[in-house]
1. Read phi for every residue in segment 13-23 and hand back ³J(HN,Hα) as whole Hz from Karplus 6.51 cos²θ - 1.76 cosθ + 1.60, θ = phi - 60°, with x for Gly and Pro.
2. Return the FRET efficiency for the residue pair Thr216, Ile64: r is the Cβ-Cβ distance, R0 is 30 Å, and the value is rounded to the nearest 0.05.
3. At 7 Å along the Cα-to-beta-carbon direction for both Leu47 and Lys83, put a label point, then send me their distance in nm to one decimal.
4. Compute the label zone of Ala30 within segment 47-74: residues whose backbone N is under 16 Å from the point 7 Å along Cα-to-Cβ.
5. Quick one: which residues, 5+ away or cross-chain, put their amide H under 5 Å from the amide H of Ile61? H built at 1.01 Å from N.
6. Across segment 14-136, how large is the tail of the calculated P(r) beyond 26 Å, expressed as a percent of all Cα pairs?
7. Tell me, what is the percent relative contact order of segment 1-129, built from C-alpha pairs under 8 Å that lie six or more residues apart?
Amino acid sequence: MPVVATNPAPYAPASAILDIIDRYRNRGLARPFTAEVLVRAGVSDSLIPRVMQALQTLDLIDDIGNPTETMEALRRAPEPEYKNQLAAWINAAYADVMLFVNASDDETAIRDAFRGYNPVGQQSRMVSLFMGLCRAAGMRTDDQSNAKPRPLARRSAAPTGVSAVRKNSAITPKTGGIIFGGGIPAPIPAPIAGLLSKLPPEHGTWTSTEREKFITTFEAVLDFCFTVDDEPKASAGEE
């Protein structure tokens with residue numbers, strides 16, 4: 001599930017999340033991930049609740065602690081492709097945030113992008129986690145002195161459901177799919193559903209900057225959720 005303002009956002013230390021990913025990727029960890037497993041992996045007792053919540057919210061483990069396909073993709077990625085895989089994961093997990101800020105923006109702009117997230121008292125830690133993950137993926141450098149702040153689009157209240165999916169179409173909460181013209185729901189990944197929920201209402205308006213930002217983010221999320229395969233498919237009956 002992507003990070004959205006309607007649910008508690010992750011605020012664990014970036015170093016703890018990256019260390020868990022690295023340990024699972026290079027040394028393996030017992031499954032499912034439990035408090036005991038995390039302690040043995042070097043996470044302090046006081047951080048266990050935050051780290052577990054962050055791993056779930058960022059789609060690295062499921063609700064019973066087993067690694068998700070996202071985590072498996074990070075584990076399997078060859079070293080030359082690892083940072084790109086990290087970046088794709090971050091773009092998908094933080095798709096809502098990316099509509100209002102770039103990973104390379106200064107800390108003030110990023111802090112403003114998180115002002116609608118809960119718990120409010122942990123927003124500074126949310127920012128630190130986001131920036132730390134982006135830095136690990138090569139999406140920002142340690143020196144941001146030359147980064148130019150960009151104007152933030154005004155955040156409007158998130159619509160309920162995916163109101164921008166045109167009539168005769170709807171997101172179905174139970175199946176996570178889209179019904180076209182009353183047909184059978186087609187599965188839709190949670191990051192895409194979350195991103196679509198940020199579209200303006202039908203016949204609404206948005207700026208050209210907001211539109212361009214949405215399209216850029218949507219492409220990144222698509223690439224994260226679906227593998228591009230240009231190999232020709234064999235026709236029925238062919239061997």
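1. Result, rounded to whole Hz: x, 4, 4, 5, 5, 5, 5, 5, 4, 5, 5.
2. That pair, Thr216 with Ile64, gives E of 0.30.
3. Between Leu47 and Lys83, the label points sit 2.3 nm apart.
4. Zone members listed by number: 65-67.
5. Residues meeting the criterion, in which the H sits 1.01 Å from N, are Gln56, Thr68.
6. Value for segment 14-136 (Cα pairs over 26 Å): 20 percent.
7. 39 percent
A short reminder: the numbers here are calculations on the coordinates, not readings from a lab. Fair warning: this is a prediction, and the values are worked out from it, not measured in the lab. Neighbour counts are summed over all protein chains in view; Cβ atoms, including those assigned to glycine, are modelled from backbone coordinates with ideal geometry.
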